[in-house]
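To start, the structure itself, in structure tokens.
The values are calculated or read from the model by the stated rules, or taken from the named source; none is laboratory data. Fair warning: this is a prediction, and the values are worked out from it, not measured in the lab. Please note: Cβ atoms are built from the backbone with ideal geometry, for glycine as well, and neighbour counts cover all protein chains shown.
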Amino acid sequence: MKVTVTFEYELDEKQKEKFEDIRSDEGEFEAFEFLEDLVKKDIDVAEVVETEYKE
């Protein structure tokens, strides 16, 4: 079973600046790892926008 969940998460200015700094200094992969970690920490405030179910 595969479940795909899409979240909409808005960064505040400090988080956005940190994302941009990581992206320019370390690269895309590291920047998106930062976003994943951020969302995982705050998952209770993330709003589920779309859920897709496939077997």
Exactly one of these conditions fails for residue 51: (1) modelled with pLDDT of 75 or more; (2) touching a strand residue (DSSP E or B) at 6+ places or on another chain (Cβ under 8 Å). Give me its number. (1)
Show the residue pairs that are 6+ apart or on different chains and have beta-carbon atoms under 6 Å apart, the first residue being within region 1-12 and among the polar types (S, T, N, Q), the second being loosely packed, with under 10 Cβ neighbours inside 10 Å. 4/52; 6/50
Any idea which residue in region 20-47 is modelled with the highest pLDDT, counting only those that are outside any helix (DSSP H, G or I) and surrounded by 10 or more Cβ atoms within 10 Å (Cβ to Cβ)? 27
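Within the bounds of region 6-19, is there any residue that is outside any helix (DSSP H, G or I), aliphatic (A, V, I, L, M) and either modelled with pLDDT under 75 or surrounded by 10 or more Cβ atoms within 10 Å (Cβ to Cβ) (or both)?
So far as region 6-19 goes, yes, one or more of its residues are outside any helix (DSSP H, G or I), aliphatic (A, V, I, L, M) and either modelled with pLDDT under 75 or surrounded by 10 or more Cβ atoms within 10 Å (Cβ to Cβ) (or both).
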